[in-house]
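Beneath this line is the structure, given in structure tokens, with notes to follow.
The values are calculated or read from the model by the stated rules, or taken from the named source; none is laboratory data. None of these values were measured; they are calculated from a predicted model. Here the Cβ positions follow ideal geometry from the backbone for every residue, glycine too, while neighbour counts run over all protein chains shown.
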Amino acid sequence: MLLKMKTSLAGPNISLHAGDLHEFADDAEALRLIEAGFAISAEPFAQAEPAAPAEPAAPEKPVAPEEPAAPKEPAKTAKTAKTAG
């Protein structure tokens, strides 16, 4: 698997610098390097395609405005009941 290094990597048989392209024969090792953040895939077909747009959310039902409450008549109290007549 062809990788592009994001960091340097050195060992007894290899020395890579950030930005280097290197073909790793062991795909498992290449995937470990990608998962650890040391490299990214440089395979031509591995380019991430733009994600399909998510389906639009269902339109919300319009909420009818509440009708204004009718004005309440003043509560009759003992005082108003006597004067009402």
| Does the stretch 5-19 hold any residues that are exposed (fewer than 14 other Cβ atoms within 10 Å of the Cβ) and under 33 Å from the mean Cα position of the chain (by Cα), and which are they? | Thr7, Ser8, His17, Ala18, Gly19
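Scan the stretch 1-43 for residues that are of a type in the set (S, T, N, Q) and part of a strand (DSSP E or B) and jot them down.
Of the residues in the stretch 1-43, the ones of a type in the set (S, T, N, Q) are 7-8, 13, 15, 41.
Within the stretch 1-43, Ser15, Ser41 qualify.
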| field | Out of Ala48, Ala58, Ala25, Ala64, sole residue that is closer than 18 Å to Lys6 by Cα and either modelled with pLDDT under 95 or surrounded by 11 or more Cβ atoms within 10 Å (Cβ to Cβ) (or both) | value | Ala48
